[in-house]
């Protein structure tokens with residue numbers, strides 16, 4: 001399963017908002033610059049995330065976007081499913097088209113596809129945005145140069 005560019009942008013925008021939880025709204029221009037997302041795409045994505053209840057917009061000179069969920073409980077899997085739909089390596093286990101397969105019910109690959117789906121779900125659903133923010137903090141600390149003698 002390949003994650004679309006739109007979904008990657010949605011994940012990066014959500015990540016950026018998670019980094020600033022409790023600090024007030026984050027301007028769309030700041031999200032776009034920090035996460036290298038074209039503003040016109042970001043506007044559409046943030047609107048979609050807003051309709052899904054993941055973010056909220058605030059108007060005014062100090063306006064911008066905030067997460068409506070705690071980064072500690074919001075998972076990568078939730079955002080991916082919202083933007084992309086079901087996590088599935090093949091259509092036949094995604095839900096509606098399985099019975100259209102000529103090998104429906106007798107496919108040697110089905111158990112493997114189920115394992116792939118479960119593995120993807122496990123990784124995405126066990127990774128919260130708080131986990132990602134913390135990983136970035138640790139990574140940035142490791143890259144800080146120390147010139148003391």
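Side notes on the structure shown:
- Each label point was placed 7 Å from the Cα along the Cα-to-Cβ direction; for residue 140 and residue 41 their separation is 2.3 nm.
- Most mobile of 82, 109, 129 in a GNM of the chain (Cα contacts under 10 Å): 109
- Relative to the longest principal axis of the Cα atoms of the chain, the long axis of helix 5-19 makes an angle of roughly 40 degrees.
- Listed candidates (1) 1.02; (2) 1.37; (3) 1.28 - label of the one calculated as Cα Rg over 2.2 N^0.38 Å: (3)
Just so you know, all these numbers are worked out from the coordinates, no wet-lab data involved. Values in this document were obtained by computation on a predicted structure and should not be read as measured data. Don't worry about glycine lacking a Cβ; one is built from the backbone with ideal geometry, like all the others, and counts go over all protein chains shown.
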